[in-house]
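Trainee: This structure is in C-alpha cells; I'll ask about it shortly.
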Ligand SMILES: [Zn+2]
C-alpha cells in the first residue's frame, strides 16, 4: 500500500509557471549564441521557438493529430503533448518531461537538444550542464580546471586538461600565457590568493588561452607536464619569487573531479533480460481450452524483445528462446552475468476460483527471507561485508539476496507496469503486490514479475492467446521500460507524467 501511495504522488507532476534560469551558450563554427533557459516543473526547459532560430528548425502544430512536428532539412521529429517522448523515422527517444505550452510556443526539456535533435540532424550536439554549454559540431572544446596554491616561496598553478590538448606557455608583458590548440576553452578557474606572485588568472579572448598576471615578486617560472589519466593531462606552472630556492619537482596529484559527469548520458538501460516463465517439461498453468502458460509467456517475450530492440536500440536477452526447461536460479544468473539493467519475468496465472481474472504485477517481498534480508535491505550502502570468517559464504548470501538492493527501483518499475497495463487490459483487484518470488531474489537489478492474466479463466485464456491482446501487453511493457529509463535518467526524482499523467 505504501508503495502505491508514494508512486501516486511521484507521478502526479505539479507544474508551476516557468521561471527563468541562466542561459546556455551554444557554440558552433559560426560563433556563439545565447539559448534562454527557464525552469518548469523542476527541470530546465528551452523554447522550441528559440531552438528553431538557432538550429534552423520549422515547428508546426499538427492540430488534427494533436502533435508537434519539428522539421529540419526535410527530416521530421514528432513530439506529443503529455508525453516525454520524441520520435523520428521509427526511432524513439525519451525526454525527462513532456512539452509544455507557453504562449505561442512550447517548452521542451533541455535534453531535447542532445537526445531528440540528433534524430533529425547529422551534426554532433554535446550538452555540458556544469558549464552551461551546447557544443554543435566537431569543435575542440577542452575542459581546463585551474587552481593555484602557495608552496613556500612559490605559487603553483595546476591545470587539469581534459581531453589531452597541446598547448604552449609563453611570457608576454608581465604575464604568462598558456595557449591551447583548440577552438574554445571550457575553463573553470579558482581565483588565486597569492597576490605577490599571481595577481589573476583569466581566459583571454578569443577564449583559447589563459593568462596569468604576475605579481611584484615574480622572478621566473617553470612549467612541467604530468600525465594523470589516459584522457587527462596536468600542466603544472610554478611561479617563483625573487631569491626563492629551487622548487620541489611537481608530483602528480589527483585531478579535480571532472566538472561534468554525464554529457550525453549513456542510456540508463542498456540491457534488458526478459524471462518467459516455465518451459520444456514445466508447462506452467494450463487453460480450460488447453492453452499453456509457457507458450503465452514465450510469445509475448519475443514480441517485447523485437519492440525494445527495434525502437529503443537496447540489447534484449531472453532467458529461453525456445521450449526448454531453465532452472529458476539460472534465470537470474543469466541477467546478472549479462549485466542487465532490468529483469522482466512473464507469467500467466491460474486459480481454483473460476472467477479469478485480471493482470497482476509483482516485485520482491523480503519478509519471508528473514531478518538478515531486512538488515541488508535497510543498511543501504553499508552492507558490504567486513565480516570475519568464511567470506565465500558471505558473498554467496549477498549474491543470493542481490535483489534487496534494488527493491525501491523495482517498486517504481512495477508501478509503471501496473499503470501502463491498466490503461489497456483488465487488472485484478490486487494489481500490484509484493511476493517472495524465487526467480526475483537473486536478480542484481530492478526486477518485476508480470502475471499477464488468469489463463484458468476461459475468457482470459482466449485473450492471452490472441495476438491483438498480446500486442497490448507488449505496448504496455514497452512504455514501462521507456518511462522507467526516463525516471532513472532524471535522477530518480522528477516526475514522468507519461500518457496517463493527468489521471
Ligand atoms: Zn508462472
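Trainee: Tell me, in nm to one decimal, what length is gained between residue 270 and residue 321 on full extension, where the rule is 0.36 nm per residue of separation less the Cα-Cα distance? Before the final figure, lay out each step's value.
Mentor: Details: separation 51, 0.36 × 51 = 18.36 nm, distance 1.98 nm.
Stretched fully, the residue 270-residue 321 segment lengthens by 16.4 nm.
Trainee: Could you work out how much longer the chain between residue 351 and residue 226 gets when fully extended? Use 0.36 nm per residue separation minus the Cα distance between them, nm to one decimal.
Mentor: Working: separation 125, 0.36 × 125 = 45.00 nm, distance 6.90 nm.
Here the answer is 38.1 nm.
Trainee: Further question: Beyond 19 Å, what share of the Cα-Cα pairs of region 263-359 remains, rounded to the nearest whole percent? Spell out each step's value before the answer.
Mentor: Details: 2169 of 4656 pairs.
Here the long-distance tail beyond 19 Å is 47 percent of all Cα pairs in region 263-359.
Trainee: Let me ask something else about it. In nanometres, what is the gap between the two model label sites at residue 171 and residue 216, each 7 Å from Cα along Cα-to-Cβ?
Mentor: 2.0
Trainee: Further, regarding this structure: Compute the distance from the alpha-carbon center of region 156-170 to that of region 120-151, in whole Å.
Mentor: The distance from the Cα centre of region 156-170 to that of region 120-151 comes to 15 Å.
Trainee: Mind computing the radius of gyration and Dmax over the alpha-carbon atoms of region 42-118? Å is fine for both.
Mentor: 11.1, 33
Trainee: Roughly how many nanometres apart are two label points built 7 Å out from the Cα toward the Cβ at residue 63 and residue 286?
Mentor: About 6.0 nm separates the two model spin labels.
Trainee: Can you tell me the FRET efficiency between residue 19 and residue 130 if r is taken as the Cβ-Cβ distance and R0 is 22 Å, rounded to the nearest 0.05? Please list the in-between numbers first.
Mentor: Values: r = 21 Å, r/R0 = 0.93.
The pair residue 19/residue 130 has a calculated efficiency of 0.60.
Trainee: Evaluate E = 1/(1 + (r/R0)^6) for residue 339 and residue 309, where r is the Cβ-Cβ distance and R0 equals 25 Å; express this FRET efficiency to the nearest 0.05. Present the calculation step by step, with values, prior to reporting the outcome.
Mentor: Details: r = 17 Å, r/R0 = 0.68.
Efficiency for this residue pair is about 0.90.
Trainee: Would you mind ranking 130, 471, 94 by Cβ crowding within 10 Å, fewest neighbours first?
Mentor: Working: 130 13, 471 16, 94 27.
The most exposed by this proxy come first: 130, 471, 94.
Trainee: Using only alpha carbon pairs under 8 Å that are at least six residues apart, calculate the relative contact order of region 104-183 and give it in whole percent.
Mentor: On the way: 87 pairs, mean separation 14.4, N = 80.
Value for region 104-183: 18 percent.
Coordinate-derived values only; no laboratory data. Quick caveat: nothing in here was measured; it's all calculated off a predicted structure. We place every Cβ from the backbone using ideal geometry, glycine too, and count neighbours over all the protein chains shown.
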